[in-house]
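So the structure is just underneath, and the comments pick up after that.
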Amino acid sequence: MTVKEYNRSVEEYSDYVYRFILASIRDEEKASDIVQDTYEKLWRNVMEISYPVVKSWLFTTAYHIMIDIIRKESRMSPMEDATGNDLIDESQYSDLNEILHMALERLPHIQKSLILLRDYEGYSYREIGEITGLTEAQVKINIYRGRMALKNFIGKVETVL
């Protein structure tokens with residue numbers, strides 16, 4: 001990859017990578033740091049990576065950096081396990097976007113990331129598998145389970161409206 005292609009990758013993909021990471025971890029500073037670290041790794045490997053695969057490489061690298069940070073933080077402070085009851089909400093809301101974000105926050109991290117990659121970024125199951133290191137079947141199962149949890153949280157359409 002040339003320096004010109006590297007700069008073009010920054011212009012074209014940095015916002016997408018940032019939004020994906022931000023949607024996953026909800027921390028602007030950490031998301032910026034992850035994007036910065038991702039592009040630093042790209043710069044270190046600029047001679048080994050060709051431009052046609054750079055988008056997938058960026059998302060894969062950013063995802064793995066994010067997972068490493070989450071694992072490190074989880075070792076530092078214990079996290080409570082989400083039970084099925086936490087994913088069901090009985091109250092009424094009128095803002096569907098707010099409800100969806102609340103529901104996404106309650107999902108296990110892997111399901112949230114996979115749903116964002118599939119529904120928000122538009123990756124295929126195969127591409128998501130390559131990014132996350134999961135098999136295509138594992139990707140489909142986690143997305144299905146995440147969507148079911150979202151459906152349970154959101155409830156009936158009458159409750160939302």
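Below is a table of values for the structure above.
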{"quantity": "Chymotrypsin sites (Phe, Trp or Tyr not before Pro) restricted to the stretch 97-158 and DSSP loop, no more than 15 other C-beta within 10 Å", "calculated": "none"}
{"quantity": "Ratio Rg/Rh, restricted to the stretch 3-76 and using Cα atoms, in which Rh is the Kirkwood radius", "calculated": "0.99"}
{"quantity": "Partner lysines for Lys151 [C-alpha distance under 23 Å; skip if fewer than 8 residues away on the same chain]", "calculated": "Lys112, Lys140"}
{"quantity": "Two-site label geometry, Ile141 and Asp33: point separation in nm, points 7 Å out along Cα→Cβ", "calculated": "3.3 nm"}
{"quantity": "Contour minus Cα-Cα distance for Tyr16 and Glu40 (0.36 nm per residue)", "calculated": "7.0 nm"}
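Taken together, the values in this text are just the output of simple stated rules run on the coordinates, not laboratory data. As the structure is a prediction and not an experimental result, all values here were calculated from the model. For neighbour counting, all protein chains shown are included, and Cβ atoms are generated from backbone atoms with ideal geometry for every residue, glycine included.
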